[in-house]
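Undergrad: A single structure is presented below for examination.
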Amino acid sequence: MKLRWLGHAAFRVETAKDTILIDPFLTHNPACQGQDLKDVTKGVTHILLTHGHMDHVGDTIALASELGAVVVANADLGDWLGFRGVKKIEQGNHGGTIQTGSFSVTFTNALHSSAHITEDGVSHALGNANGLVLHFDDEPSLYHMGDTDIFGDMALIEELHQPDIGIVPIGDRFTMGGAVAALACQRYFNFKSVIPCHYKTFGLLDQTADKFVAGMEGAKSRVEVPDVGGTVSL
């Protein structure tokens, strides 16, 4: 498995059978500028969304049409995307599992909001925020936490899924910060590898992963801190 961090919470996940984009905030992502978007999106079969904020939905509608990719999202966000022309949608919700391609996606809890504000200033609720657990036949399991704070039921996610790889938001202000994210990883999970995200995109977020790395000192998990556009092989 290869994971490429595209900036913010966006990742490209390549396996032997499928190529997946998670939260593809690309075109308007300042951290993603300078990357070859044709290369980023080449061969993508699936687009997975943790929640409905535009810095996570990003380019989903255009990419789904261009690539013919299957979009996986919670039911409310899926309905919203369907009204905007997305044809291939797999919808679920908390606790549910969808088998799609060569892998399954399970929707977990995340402590966050999820909405879209239209040009008339009206905020439209797009369901609850989720984390996503991906299980593959011949690849490591992966848990993208989405945007979230720490919560005690992370222990149940570990008990139910034992994810090998964790993708963890650390930027503070809109999610947990680095020290709390490290506490979540150390207290609740037995990740083999962990990758921080949702930082240094904007000035309001922490600009480095230093607090997270310091908090993970002594952990059994291998901490991977790729540069934006960097690839990690797992």
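Bear in mind that the values in this text are calculations on the coordinates, not laboratory data. Since the structure is predicted, the reported quantities are computational estimates derived from the model, not experimental observations. Every residue, glycine as well, gets a Cβ built from its backbone with ideal geometry; the counts of neighbours run over all protein chains shown.
Undergrad: Among the residues of the range 135-152, which ones are surrounded by fewer than 21 Cβ atoms within 10 Å (Cβ to Cβ), in contact with a Leu (Cβ under 7 Å, 6 or more places away or on another chain) and over 21 Å from residue 1 (Cα atoms)?
TA: Just the residues of the range 135-152 that are surrounded by fewer than 21 Cβ atoms within 10 Å (Cβ to Cβ), to begin with: 135-141, 149-152.
Filter once more, so that each one left must be in contact with a Leu (Cβ under 7 Å, 6 or more places away or on another chain): 140-141, 149-151.
If the condition is that a residue be surrounded by fewer than 21 Cβ atoms within 10 Å (Cβ to Cβ), in contact with a Leu (Cβ under 7 Å, 6 or more places away or on another chain) and over 21 Å from residue 1 (Cα atoms), then 149, 150, 151 are the ones that fit.
Undergrad: I'd like the full set of residues that are part of a loop (DSSP other than H, G, I, E, B) and surrounded by fewer than 19 Cβ atoms within 10 Å (Cβ to Cβ), limited to the range 102-119. Step through it out loud before you land on a result.
TA: Taking the range 102-119 and keeping what is part of a loop (DSSP other than H, G, I, E, B), we get 102, 110-114, 118-119.
Result: 102, 111, 113, 118, 119.
Undergrad: Given the criterion assigned to a helix (DSSP H, G or I) and farther than 21 Å from residue 231 by Cα, identify the matching residue among 85, 95, 78, 52.
TA: Details: 85 fails: assigned to a helix (DSSP H, G or I); 95 fails: assigned to a helix (DSSP H, G or I); 52 fails: assigned to a helix (DSSP H, G or I).
Only one candidate qualifies: 78.
Undergrad: Now for a different question. What number of residues in the range 10-25 are over 19 Å from residue 140 (Cβ atoms) and touching a Ser or Thr at 6+ places or on another chain (Cβ under 8 Å)?
TA: At the first step, the residues of the range 10-25 found to be over 19 Å from residue 140 (Cβ atoms) are 10, 23-25.
Next, only the ones that are touching a Ser or Thr at 6+ places or on another chain (Cβ under 8 Å) stay: 23-24.
Matching residues across the range 10-25 total 2.
Listed here are the residues, each with its yes/no results for (1) small (Gly, Ala, Ser); (2) touching a helix residue (DSSP H, G or I) at 6+ places or on another chain (Cβ under 8 Å); (3) over 22 Å from residue 55 (Cβ atoms); (4) in a loop (DSSP other than H, G, I, E, B).
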residue	(1), (2), (3), (4)
149	no, yes, no, yes
163	no, yes, yes, yes
174	no, no, no, yes
212	no, yes, no, no
217	no, no, yes, yes
220	no, no, yes, yes
228	no, yes, no, yes
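Undergrad: Determine, yes or no, whether residue 176 is under 15 Å from residue 56 (Cβ atoms), among the aliphatic types (A, V, I, L, M) and surrounded by 20 or more Cβ atoms within 10 Å (Cβ to Cβ).
TA: Working: under 15 Å from residue 56 (Cβ atoms): no; among the aliphatic types (A, V, I, L, M): yes; surrounded by 20 or more Cβ atoms within 10 Å (Cβ to Cβ): yes.
No: the conditions fail for residue 176.
Undergrad: Which residue out of 133, 168, 194 is closer than 20 Å to residue 227 by Cβ, part of a strand (DSSP E or B), in contact with a Ser or Thr (Cβ under 7 Å, 6 or more places away or on another chain) and of a type in the set (A, V, I, L, M, F, W, C)? Reasoning before the result, please.
TA: Details: 133 fails: closer than 20 Å to residue 227 by Cβ; 168 fails: in contact with a Ser or Thr (Cβ under 7 Å, 6 or more places away or on another chain).
On inspection, the qualifying residue turns out to be 194.
Undergrad: Let me ask something else about it. If the requirement is being under 16 Å from residue 54 (Cα atoms), of a type outside the set (Lys, Arg) and exposed (fewer than 15 other Cβ atoms within 10 Å of the Cβ), which of these qualifies: 125, 129, 155, 73?
TA: On the way: 129 fails: exposed (fewer than 15 other Cβ atoms within 10 Å of the Cβ); 155 fails: under 16 Å from residue 54 (Cα atoms); 73 fails: exposed (fewer than 15 other Cβ atoms within 10 Å of the Cβ).
Step by step, each of 125, 129, 155, 73 is checked, and only 125 is under 16 Å from residue 54 (Cα atoms), of a type outside the set (Lys, Arg) and exposed (fewer than 15 other Cβ atoms within 10 Å of the Cβ).
Undergrad: I've got another one for you. Being aliphatic (A, V, I, L, M) and in contact with an Asp or Glu (Cβ under 7 Å, 6 or more places away or on another chain) is true for just one of 126, 134. Which residue is that? Working first, answer last.
TA: On the way: 134 fails: in contact with an Asp or Glu (Cβ under 7 Å, 6 or more places away or on another chain).
After ruling out the rest, the residue left standing is 126.
Undergrad: While we're on this one: Determine which member of the set 197, 185 is in contact (Cβ under 8 Å) with a residue 24 or more places away in the chain, more than 23 Å from residue 26 (Cα to Cα), in contact with a strand residue (DSSP E or B) (Cβ under 7 Å, 6 or more places away or on another chain) and not polar (S, T, N, Q).
TA: Checking each option against the conditions leaves just 185.
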